[in-house]
Amino acid sequence: MSSSFEKHQKRRLISSYFSVVLSIALVLFLLGLLGMLILNAKKVSDHFKEQVVVTIFLKDTAKEVETKQLEKSLAMADYVKSTEYVSKEQAAEFMKVNNGEDFMDFVGYNPLQNSIDVHLKADFVTSEHLEKISAEATSKNFVDEVTYDNDLVNLMNDNVKKISFWVLIISGIFTLIAVLLINSSIRLAVYSKRFTIKTMQMVGATKQFIRRPFVWKSVRLGMIGAILALLGMAIVLYYLNKTFTELELLSNPILVTLLFVLIFALGIVITWISTHFATQRFLNLRTNELYY
């Protein structure tokens, strides 16, 4: 009978530890994913900004030397990421592939113009910079016009500001929720040992002596939970980096390492603080209050 009871208690204890580790791992994993989002938010927004194309259409009278000189000066500009010369023949072929038919069969000639596609660096993708670049290009007598999607640029910049604001708000709320969830799990684990705590206190053990094994046990559980969370983060990060290679999520290993260290440290600090206050609460309770 005694052996059966001990086995039952051992199973309950293991189940309690497992639930604590699982809750810590899940909360830290989600917090880590949010951290990765914050670290790479600018990189993702920059990637989309740099997809905006400024197209400089050239007049048919433009000389080859003028075109090459313009393309070279643009490539050397500090606000330009890349340039690409697109001839009218290439543009016609592109339209033929996209439309599935050759429009020149109906028109009888190629009405398109030679052009230069310019991709700007993310910091320069603003209405002000685009207007300045456009004015500078159109001042050349062999440039016909400059086109870009100004509405898209304004919408993108507005959304980036809104998303950045809400990411910060959500990060703060989520961090608070993470602390509360881990704290609740730890308190439940300590609650199951409240009679043991009171018995040790009644035979003369000091509060520090009673608290120490609970704190170290919780810290170890926090470390295990943090390691599981980090493994999950590493898998997700590896998969995302392999899928979206253009984002270069692992281009800054120092920041990634700091995030992993921070998540591991949080697993230790939160469990230590939660266990300290949870054991303190039960140490301060009277014996008759342990049943409520």
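Given the whole protein assembly as supplied and a 1.4 Å probe, what does the accessible area of S82 come to in Å², nearest 10?
Approximately 50 Å² for this residue.
Any chance you could run the full-extension gain for T55 through N157? It's 0.36 nm times the residue separation minus the Cα-Cα distance, nm to one decimal.
34.7 nm
Report the calculated FRET efficiency for R281 and S171 (r = Cβ-Cβ distance, R0 = 30 Å), to the nearest 0.05.
0.55
If we sort 262-268, 146-152 on the protection proxy, mean other Cβ atoms within 10 Å, highest first, what's the order?
262-268, 146-152
For R211, R281, what's the largest-to-smallest order of accessible area, 1.4 Å probe?
The ordering from most to least exposed comes out as R281, R211.
If you roll a 1.4 angstrom probe over the protein chains with everything in place, what fraction of the accessible area of region 186-226 belongs to carbon and sulfur, to the nearest %?
So the carbon and sulfur contribution to the accessible surface is 66 percent.
Quick one: which of K68/K162; K132/K242; K59/K121; K42/K96; K42/K72 span more than 32 angstrom between C-alpha atoms?
Flagged as over cut-off: K68/K162; K132/K242; K42/K96.
The values are calculated or read from the model by the stated rules, or taken from the named source; none is laboratory data. Just so you know, these numbers come straight off a predicted model, no measurement behind them. A quick note on method: Cβ atoms are made from the backbone with ideal geometry, for glycine too, and the neighbour counts reach across all protein chains shown. All accessible areas refer to the heavy atoms of the entire protein, side chains included, with ligands and DNA or RNA removed. Shrake-Rupley method; radii C 1.70, N 1.55, O 1.52, S 1.80 Å.
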